[in-house]
1. If HIS26 satisfies all but one of (1) more than 30 Å from VAL94 (Cβ to Cβ); (2) modelled with pLDDT of 95 or more, what's the number of the condition it fails?
2. Residues of segment 75-94 being of a type outside the set (Lys, Arg) and within 20 Å of the chain's Cα centre (by Cα), which ones?
3. Scan segment 59-85 residue by residue and report those that are among the charged types (D, E, K, R), farther than 23 Å from LYS22 by Cβ and surrounded by 12 or more Cβ atoms within 10 Å (Cβ to Cβ).
4. Looking at this structure, is ILE42 in contact with a Ser or Thr (Cβ under 8 Å, 6 or more places away or on another chain) and either hydroxyl-bearing (Ser, Thr, Tyr) or at pLDDT 95 or above (or both)?
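The values are calculated or read from the model by the stated rules, or taken from the named source; none is laboratory data. Being a predicted model, the structure only gives us computed values, none of them experimental. Here Cβ is always computed from backbone atoms with ideal geometry, including for glycine, and neighbour counts include all displayed protein chains.
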Amino acid sequence: MENTKPACCCEKSTVRGAEEQKKLIHRLNRIEGQIRGIRKMIERDAYCTDILVQSAAANAAINAFNRDLIASHIKGCVVRDIKEGKEDVIDELVVTLQKLMK
């Protein structure tokens, strides 16, 4: 029997500074808390509109997270790759932005 590891979802990686990583994780923890709060609202039979307002707030938090991450990606990874002559990063960025704008 051959010992094989499952393929990784992506081949690239980004090394982030400790402060940036801490900031992103903090935001994700807050979003996770918002989602848990929404679940508890459903379990307590909260009013639909109240749940929807909280869901919209969680969605806004995810969008803010995405904006910060895409800005960091452009300023770091994209600029670096373009300087190294890897212009395919532009096509990758366009596809990513299209996915975010759905």
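1. Going through the list (1) more than 30 Å from VAL94 (Cβ to Cβ); (2) modelled with pLDDT of 95 or more, HIS26 breaks only (1).
2. As a first pass, look at segment 75-94 and keep what is of a type outside the set (Lys, Arg): 76-79, 81-82, 84-85, 87-94.
GLY76, CYS77, VAL78, VAL79, VAL89, ILE90, ASP91, GLU92, LEU93, VAL94 - these are the residues of segment 75-94 that are of a type outside the set (Lys, Arg) and within 20 Å of the chain's Cα centre (by Cα).
3. So the first thing to find is which residues in segment 59-85 are among the charged types (D, E, K, R), and the list is 67-68, 75, 80-81, 83-84.
From what's left, farther than 23 Å from LYS22 by Cβ: 81, 83-84.
Answer for segment 59-85, where residues must be among the charged types (D, E, K, R), farther than 23 Å from LYS22 by Cβ and surrounded by 12 or more Cβ atoms within 10 Å (Cβ to Cβ): just ASP81.
4. Numbers: in contact with a Ser or Thr (Cβ under 8 Å, 6 or more places away or on another chain): no; either hydroxyl-bearing (Ser, Thr, Tyr) or at pLDDT 95 or above (or both): yes.
Answer is no for this residue.
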